[in-house]
1. Within segment 91-102, take every residue that is under 13 Å from the mean Cα position of the chain (by Cα) and of a type in the set (A, V, I, L, M, F, W, C) and give me the one that is modelled with the highest pLDDT.
2. Could you check segment 250-273 and list, in sequence order, the residues that are β-branched (Val, Ile, Thr), under 15 Å from ALA162 (Cβ atoms) and open to solvent by 20 Å² or more (accessible area, probe 1.4 Å)?
3. Answer yes if at least one residue in segment 151-158 is among the aromatic types (Phe, Trp, Tyr) and part of a loop (DSSP other than H, G, I, E, B), and no otherwise.
4. If I ask for residues that are touching a residue at least 40 places away in the same chain (Cβ under 8 Å) and more than 28 Å from CYS23 (Cα to Cα), which ones from segment 74-87 would you list?
5. Mind telling me which of the residues SER98, SER148, SER116 ends up being closer than 30 Å to TYR277 by Cβ, among the small types (Gly, Ala, Ser) and in a loop (DSSP other than H, G, I, E, B)?
6. In segment 22-48, which residue that is open to solvent by less than 20 Å² (accessible area, probe 1.4 Å) and not aromatic (Phe, Trp, Tyr) is nearest to LEU120 (Cα to Cα)?
7. Give the residues of segment 161-196 that are part of a loop (DSSP other than H, G, I, E, B), open to solvent by 60 Å² or more (accessible area, probe 1.4 Å) and within 17 Å of ILE249 (Cβ to Cβ), sorted by residue number.
8. Find the residue count for segment 67-90, including only residues that are outside any helix (DSSP H, G or I), under 16 Å from the mean Cα position of the chain (by Cα) and surrounded by 19 or more Cβ atoms within 10 Å (Cβ to Cβ).
Amino acid sequence: MQSSFKIAFNVAVTHTYFDKGVCNCLQFVPDAGTQMLLKRFGFIIRNKINGFELYSNSTSELSALLNHISKVTGQNSFGFKIQTNNPSFNYFTDLPVSWRGQLVYDSQSIIAVSDSNVVLLKETQSEDTDTTCIGSLNVQFDDLLKYSNATGFAQFQINYTARSTQWQYYVINKSALALGNPAIVGKADISFSPPTNVTIDSGQQAMMFSSGNNLIPLSEVPQYKFDLVNNPASGGNESSAKSTSVKTIFKGLPNPDPKRIGIVSIDNQQQISSPMYVYV
């Protein structure tokens, strides 16, 4: 048997949280109407790590096939539910702090078309809640044909940005180390506030270092490296300062767990914090 599979369109997803921007945690599941079209008219879906491709199996031109489908079924689009296999998606994605709804995409609503004819879809945040998916995608037949490029198929793209949070290190000094002038340092141009003494939920005393107004983006692969050090005591004479060097107390502090979050107010706006607990 011969087949005539030709790609009709594809959808690719990028996310700055992931290495090289490859978003590997979303799946696009055809809704009931689209499932019927796939079965009745021989379309197939090829899932990819960051999206999917939809193929038609017809010797007819795609425009003729879609026109026929519209006439006999009354359907004018392909619909998909967007699901995720990562329960932390809403935590590490730059979404409104207190929002819990659906991310809606439609090929009629776009941000731009690139020079290579990739159509960047616009996000609409719906207040509707659905525990089975995080959003939906609708690809209109007319847009599919409108954006078909020189290779004969449309290319759609969805972009996500990683959430930036206030990083907070809680240092619990269980070893009773003499820390006269502790600090958190790193090669990145990001500074942490001097420590403040706090009591954590366990009742233990801790020193809390905060990135303050510096909101740092979350990432699956650590992009920032910070160390806990103890600096020479300030105010000493030059000879004593030379004889006392910076001592590294904890090299390579942990990066945040997206699921462990808090709420802080920065410039009268709610922001997300990322608490981390370090025992020395």
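The values are calculated or read from the model by the stated rules, or taken from the named source; none is laboratory data. As the structure is a computational prediction, the values presented were derived from the model and not from experiment. Glycine also receives a Cβ, built like all others from the backbone with ideal geometry; neighbour counts cover every protein chain displayed. These area figures cover heavy atoms from the full protein model, side chains too; ligands, DNA and RNA do not enter into them. Shrake-Rupley method; radii C 1.70, N 1.55, O 1.52, S 1.80 Å.
1. By that ranking, first place goes to PHE92.
2. ILE261
3. Checked segment 151-158: at least one residue is among the aromatic types (Phe, Trp, Tyr) and part of a loop (DSSP other than H, G, I, E, B).
4. First, the residues of segment 74-87 that are touching a residue at least 40 places away in the same chain (Cβ under 8 Å): 75-87.
Within segment 74-87, GLN75, ASN76 meet the criteria.
5. Every option except SER98 fails the conditions.
6. We begin by selecting, within segment 22-48, every residue open to solvent by less than 20 Å² (accessible area, probe 1.4 Å); these are 23, 25-26, 28, 34, 37, 43.
Remaining after also requiring not aromatic (Phe, Trp, Tyr): 23, 25-26, 34, 37.
Values: CYS23: 15, CYS25: 19, LEU26: 17, THR34: 22, LEU37: 25 Å.
The extreme case among them is CYS23.
7. Across segment 161-196, the qualifying residues are LYS174, SER175, ALA176, LEU177, ALA178, GLY180, PRO194.
8. We begin by selecting, within segment 67-90, every residue outside any helix (DSSP H, G or I); these are 74-88.
Now drop any that are not under 16 Å from the mean Cα position of the chain (by Cα), which leaves 82-88.
Next, only the ones that are surrounded by 19 or more Cβ atoms within 10 Å (Cβ to Cβ) stay: 82.
Final tally of qualifying residues: 1.
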